[in-house]
Amino acid sequence: MKTDAEPGMDAPCLPELGHKIPAREFGPFDRRALERYAIASGDDNPLHLDPEVAAALGLPDTPVHGLLMLSCFEPYILEWRPDLFIARLSCKFLNPLFAGEGIRLSGRVVSRKDTPRPELILRLFARGSGDTPVIVAEAAVLWQSTGAES
Amino acid sequence: MTGAAEHAQQGPAGPNEKGTDNAPVRLPPFKVRIEPADVAEFLRATSGHPKHHRVPITFPVRWLALPEVRGLILRSIGNGFIPVHEGQNFAYERALQIGADYTVDIEAFRTPAPPHLTLRMSVVTEEGEICARLETVMRIVPALKPA
């Protein structure tokens, strides 16, 4: 792992175990947002873009791309702590979210290590309307110097 | 994901339900360049923060939509089935850089009961240093017909 944080550096002020990251909402993801993501990502699966295709599969509307929602975790984490490097992000998609809906991200610190380099494990959730769990995720984040500490 | 559903009828065979899955299939490594305009477009589409000037960690999923990768997915899924994205993992050794060239290596393998297709991607610098590894897990389900 190449970050600016090397063993022996002074540990930054990282949050304690159990610390909750302030929740934040993303979306709603309307059809235009899904089209924009389809172009940007190349994932032009009509399941996400065409209500008739979604209906043929028994869905009430087009589901939001899972990776579009997963992409929200990076700005969520980095707006909370810009001095972190996301070394790992893994997730399971639990339930679909449909066009026009948004998600609420939340998270907490479930593990903290100060050596050999400062690292946190974050448990993350995306929930849809009615508090429906949409994504459960885990991130390993490393502290890296932003140059603003000294 | 990856636009496979619309082509699900074209594949040669469905998931192997007898538990004798295919061996991993590896594509020849291919080169990619991270263009600034592509990053900017991706950031706009994903609620990213353009002022960070960094490559989003989910950006490599773009390469799953390249024709050779899409073809591999479609062949692996088979006729009359669609992929449902079930899980995703990104692991970074170092951040990807805007404007840099990388080599991408992808392999796919199926597992039975229930049938899944897993894609594994590695992203390597021109100097051969590993930057990122991705794993995409898709459940393979029958494509329902309209009533």
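The values are calculated or read from the model by the stated rules, or taken from the named source; none is laboratory data. Not measured: the values here are computed from a predicted model. All Cβ positions, even for glycine, are placed from backbone atoms using ideal geometry, and neighbour counts span all protein chains on display. All accessible areas refer to the heavy atoms of the entire protein, side chains included, with ligands and DNA or RNA removed. Shrake-Rupley method; radii C 1.70, N 1.55, O 1.52, S 1.80 Å.
A few comments on the model shown:
- Of residues in region A:120-139 being open to solvent by less than 10 Å² (accessible area, probe 1.4 Å) and touching a Leu at 6+ places or on another chain (Cβ under 8 Å), the one farthest from A:Ile86 (Cα to Cα): A:Val134
- Annotation: B:Arg120 fulfils all but one of (1) closer than 19 Å to A:Ser71 by Cβ; (2) of a type in the set (D, E, K, R); (3) free of Cβ contacts under 8 Å to residues at least 24 places away in the same chain; the unmet one is (1).
- Residue within region B:87-98 that is closer than 25 Å to B:Val124 by Cβ, more than 12 Å from chain A (Cβ to nearest Cβ) and either touching a helix residue (DSSP H, G or I) at 6+ places or on another chain (Cβ under 6 Å) or open to solvent by 50 Å² or more (accessible area, probe 1.4 Å) (or both) present: yes
- The set of residues in region A:17-47 that are touching a Lys or Arg at 6+ places or on another chain (Cβ under 7 Å) and assigned to a loop (DSSP other than H, G, I, E, B) comprises A:Leu17, A:Gly18, A:His19, A:Gly42.
- Residue list for region A:48-79, filter: under 11 Å from the mean Cα position of the chain (by Cα) and in a helix (DSSP H, G or I): A:Gly66, A:Leu67, A:Leu68, A:Met69, A:Leu70, A:Ser71, A:Phe73, A:Glu74, A:Pro75, A:Tyr76, A:Ile77, A:Leu78
- A:Ala99 being at pLDDT 95 or above and under 18 Å from the mean Cα position of the chain (by Cα): no
- Residue that is surrounded by the most Cβ atoms within 10 Å (Cβ to Cβ), among those in region B:107-128 that are within 14 Å of another protein chain (Cβ to nearest Cβ) and more than 22 Å from B:His53 (Cα to Cα): B:Leu119
- Just one of the listed residues (B:Leu43, B:Leu66, B:Leu27) is at pLDDT 90 or above, of a type in the set (A, V, I, L, M) and surrounded by 19 or more Cβ atoms within 10 Å (Cβ to Cβ), namely B:Leu43.
- Those residues of region A:67-119 which are open to solvent by 60 Å² or more (accessible area, probe 1.4 Å), in contact with a His (Cβ under 9 Å, 6 or more places away or on another chain) and under 16 Å from A:Ala137 (Cα atoms), in sequence order: A:Arg108
- All positions within region B:35-58 that are more than 9 Å from every other protein chain (Cβ to nearest Cβ) and without any contact (Cβ under 8 Å) to a residue 12 or more places away in the chain: B:Ala37, B:Ala40, B:Pro50, B:Lys51
- Count of residues meeting criterion [open to solvent by less than 60 Å² (accessible area, probe 1.4 Å) and closer than 15 Å to A:Trp80 by Cα] in region A:19-34: 3
- Search result, residues across region A:120-130 that are modelled with pLDDT of 95 or more and of a type outside the set (Val, Ile, Thr): A:Leu120, A:Leu122, A:Arg123, A:Leu124, A:Phe125, A:Ala126, A:Arg127, A:Gly128
- Selection from region A:86-108 of residues that are of a type in the set (Ser, Thr, Tyr) and under 18 Å from B:Thr136 (Cβ atoms): A:Ser90
- Residues (surrounded by 17 or more Cβ atoms within 10 Å (Cβ to Cβ) and either of a type in the set (S, T, N, Q) or assigned to a loop (DSSP other than H, G, I, E, B) (or both)) located in region B:129-142: B:Thr136
- Selected residue [at pLDDT 95 or above and either open to solvent by 60 Å² or more (accessible area, probe 1.4 Å) or more than 10 Å from chain A (Cβ to nearest Cβ) (or both)] from B:Val32, B:Val61: B:Val32
- Residues that are within 7 Å of chain B (Cβ to nearest Cβ) and in contact (Cβ under 8 Å) with a residue 24 or more places away in the chain, drawn from region A:19-64: A:Phe26, A:Tyr37, A:Ser41, A:Asp43
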